[in-house]
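Asker: Quick one: the structure is below, and I'll ask about it shortly.
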Amino acid sequence: MQETNKMKQQIQDHLDKVILPFWESLKDDEYGGFYGYMDIDLNVDKKAVKGCILNNRILWFFANAYLNQKRPELLSYAKHAYEFLKEACLDKTYGGVYWSVTFDGKPEEDMKHTYNQAFAIYALSSYYDASGDTEALNIAFSIYDVIEAHCKDDKGYLEAFDRNFQPVSNEKLSENGVMAEKTMNTLLHVFEGYTELYRVTKDKRVGENLRWMLDIFAKKVYNPDKKRQEVFFDKDWNTLIDLYSYGHDIETSWLIDRGLEILNDPAVTEKLSPITDTLAEQIYKIAYKDHSVINECERGVDNTTRVWWVQAESVLGFMNYYQKHPEKTEYFKAVQDIWEYIQTYMVDKRPSSEWFWDLDENKQPSDKKPIVEPWKCPYHNGRMCFEMVNRL
């Protein structure tokens with residue numbers, strides 16, 4: 001009990017003294033939203049592109065910070081991100097949100113990606129919960145309608161489109177030398193966004209979408225022989241590469257459990273819960289090494305980089321598994337161990353910084369990646385803090 005309370009206090013302090021002040025400091029009072037780039041030397045580029053994913057995740061972060069702490073100033077930061085989403089990121093002609101905008105809020109890359117739409121729904125649903133602003137919920141449903149009308153086929157969710165929702169190639173979410181027509185990652189985050197929308201509305205259509213996606217996870221994405229999710233697919237869910245994404249599997253293990261909890265359908269839970277258990281068990285067995293979780297394994301070769309978001313999701317994934325199986329105390333020990341690693345090495349100790357992007361095997365920042373850019377956000381580590389404080 002004493003250990004638990006100590007960890008809870010450490011995480012709360014880290015949120016209050018490091019993560020929240022850092023992201024508050026990036027508020028752009030001149031042009032709206034938040035600054036989009038800080039290099040490894042802590043220089044902020046006030047004229048950098050503002051990724052709409054980054055803005056949406058910041059909106060989600062401050063909305064949830066307010067829901068957790070009820071401090072009015074946190075809601076004002078969320079409102080600031082919401083106004084920028086509404087005025088700059090939202091395409092008022094064709095619907096949906098852009099990929100990125102200029103520092104002063106003009107479309108910079110006007111493509112539409114399903115992944116990005118999902119994060120807008122995730123953020124707007126939380127903001128509606130925090131603020132009671134029904135306009136935010138209406139926008140969330142307008143983006144939901146866009147996804148359902150333009151971004152799926154009869155087998156699953158599609159990926160990348162131009163501004164007018166004509167399909168384009170999926171460079172944004174393809175890696176490792178393949179071009180994917182469907183990805184586990186997009187499916188996971190549509191599921192995540194819809195879970196939040198369902199939580200705040202209990203809309204029947206959204207509930208059915210969640211059931212449909214869970215069926216796809218179980219039948220197409222999850223590989224029961226390898227006890228992992230496949231990552232990149234063609235349009236018919238044929239896997240394109242032998243790739244094991246350790247971070248996504250541990251993140252999926254608890255995000256699907258959260259969706260099951262919100263959906264509250266015993267038959268669906270009975271089908272999916274053993275899969276989420278297996279995902280967490282496998283990561284513990286093969287990717288949890290030297291007090292942290294390694295990145296991925298391509299064609300049998302491990303990438304041992306320690307990525308910031310993978311550590312945050314691992315703390316949460318192992319905690320979720322331990323709560324389901326309290327007799328498996330080794331999983332709580334892993335939670336404590338990774339949290340210790342994060343505090344010691346992953347958190348940048350320089351004043352006015354946050355977490356490093358990644359570390360090499362010698363626990364050094366590996367390749368001078370920025371502290372903030374369109375993908376480097378407060379959503380993984382912020383969410384870890386909210387969740388852990390609640391769970392502990």
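Asker: Can you go through G32, G36 and tell me which one is open to solvent by less than 60 Å² (accessible area, probe 1.4 Å) and on the phi > 0 side of the Ramachandran plot?
Answerer: G32
Asker: When the residues of the stretch 58-89 are narrowed to those that are free of Cβ contacts under 8 Å to residues at least 24 places away in the same chain and basic (K, R), which ends up most open to solvent (accessible area, probe 1.4 Å)?
Answerer: Per the criteria, the residue is K70.
Asker: K92 fails exactly one of the following numbered conditions: (1) touching a residue at least 40 places away in the same chain (Cβ under 8 Å); (2) closer than 21 Å to K50 by Cβ. What is the number of that condition?
Answerer: The failed condition is (1).
Asker: Testing R163 on (1) within 22 Å of the chain's Cα centre (by Cα); (2) among the basic types (K, R); (3) open to solvent by 20 Å² or more (accessible area, probe 1.4 Å), one condition comes back false. Which one is that?
Answerer: Of (1) within 22 Å of the chain's Cα centre (by Cα); (2) among the basic types (K, R); (3) open to solvent by 20 Å² or more (accessible area, probe 1.4 Å), only one is false for R163: (1).
Asker: How many of the residues in the stretch 237-254 are of a type in the set (D, E, K, R), over 23 Å from G193 (Cα atoms) and either surrounded by 20 or more Cβ atoms within 10 Å (Cβ to Cβ) or out of contact with any Asp or Glu (no Cβ under 8 Å at 6 or more places or on another chain) (or both)?
Answerer: Residues that pass the stated criteria total 0.
Asker: How many residues are part of a loop (DSSP other than H, G, I, E, B), of a type outside the set (A, V, I, L, M), under 16 Å from Y345 (Cβ atoms) and touching a strand residue (DSSP E or B) at 6+ places or on another chain (Cβ under 7 Å) if we restrict to the stretch 356-376?
Answerer: Residues that pass the stated criteria total 4.
Asker: Which condition breaks for F356 when tested against (1) under 18 Å from the mean Cα position of the chain (by Cα); (2) open to solvent by less than 20 Å² (accessible area, probe 1.4 Å); (3) farther than 15 Å from R57 by Cβ?
Answerer: (2)
Asker: Sort through V301, V315, V335, V310 and tell me the only one that's among the β-branched types (V, I, T), modelled with pLDDT of 95 or more and open to solvent by 40 Å² or more (accessible area, probe 1.4 Å).
Answerer: Going through V301, V315, V335, V310 in turn, just one is among the β-branched types (V, I, T), modelled with pLDDT of 95 or more and open to solvent by 40 Å² or more (accessible area, probe 1.4 Å): V301.
Asker: Find the helices (runs of 4 or more DSSP H) located wholly in the stretch 105-223 whose residues include 2 or more that are closer than 19 Å to C52 by Cα and not aliphatic (A, V, I, L, M), and list them.
Answerer: 114-131, 134-150, 184-201
Asker: Further, regarding this structure: Among the residues of the stretch 255-277, is any touching a helix residue (DSSP H, G or I) at 6+ places or on another chain (Cβ under 7 Å), open to solvent by 30 Å² or more (accessible area, probe 1.4 Å), without any contact (Cβ under 8 Å) to a residue 24 or more places away in the chain and not small (G, A, S)?
Answerer: yes
Asker: Report, by residue number, each residue of the stretch 95-116 that is β-branched (V, I, T) and either free of Cβ contacts under 8 Å to residues at least 12 places away in the same chain or buried (at least 20 other Cβ atoms within 10 Å of the Cβ) (or both).
Answerer: Across the stretch 95-116, the qualifying residues are V97, V101, T114.
Asker: Scan the stretch 256-289 residue by residue and report those that are within 27 Å of I241 (Cβ to Cβ) and either of a type in the set (G, A, S) or modelled with pLDDT under 95 (or both).
Answerer: If the condition is that a residue be within 27 Å of I241 (Cβ to Cβ) and either of a type in the set (G, A, S) or modelled with pLDDT under 95 (or both), then G259, A280, A287 are the ones that fit.
Asker: Among the listed residues V190, V231, which satisfies the condition of being under 18 Å from the mean Cα position of the chain (by Cα), open to solvent by less than 30 Å² (accessible area, probe 1.4 Å) and under 23 Å from A130 (Cβ atoms)?
Answerer: Unique residue meeting the criteria: V190.
Asker: Looking only at the stretch 278-290, filter to residues that are over 20 Å from R383 (Cβ atoms) and β-branched (V, I, T); which one of those is most open to solvent (accessible area, probe 1.4 Å)?
Answerer: Checked the stretch 278-290; the qualifying residue most open to solvent (accessible area, probe 1.4 Å) is I286.
Asker: Step by step: first the residues of the stretch 263-319, then only those that are of a type in the set (G, A, S) and on the phi < 0 side of the Ramachandran plot, then the one that is nearest to the chain's Cα centre (by Cα). Which residue is that?
Answerer: Top of the filtered list is A312.
Asker: Let me ask something additional. From L85, L75, L59, which residue is part of a helix (DSSP H, G or I) and more than 24 Å from R163 (Cβ to Cβ)?
Answerer: After applying the criteria, what remains is L75.
Asker: For the stretch 15-42, name all the residues that are among the charged types (D, E, K, R) and assigned to a loop (DSSP other than H, G, I, E, B).
Answerer: D28, D29, E30, D39, D41
Asker: Then there's this: Test each condition in (1) under 15 Å from E251 (Cβ atoms); (2) open to solvent by 50 Å² or more (accessible area, probe 1.4 Å) for K324 and report the one that comes out false.
Answerer: Only one criterion in (1) under 15 Å from E251 (Cβ atoms); (2) open to solvent by 50 Å² or more (accessible area, probe 1.4 Å) is unmet by K324, namely (1).
Asker: Something else: Which residue out of G32, G36 is touching a residue at least 60 places away in the same chain (Cβ under 8 Å) and under 29 Å from Q343 (Cα atoms)?
Answerer: From the options G32, G36, the qualifying one is G36.
The values are calculated or read from the model by the stated rules, or taken from the named source; none is laboratory data. Note that the coordinates shown come from a computational prediction; the quantities given were computed from them, not determined experimentally. Glycine also receives a Cβ, built like all others from the backbone with ideal geometry; neighbour counts cover every protein chain displayed. Ligands, DNA and RNA are excluded from the accessible area calculation, which covers all protein heavy atoms including side chains. Shrake-Rupley method; radii C 1.70, N 1.55, O 1.52, S 1.80 Å.
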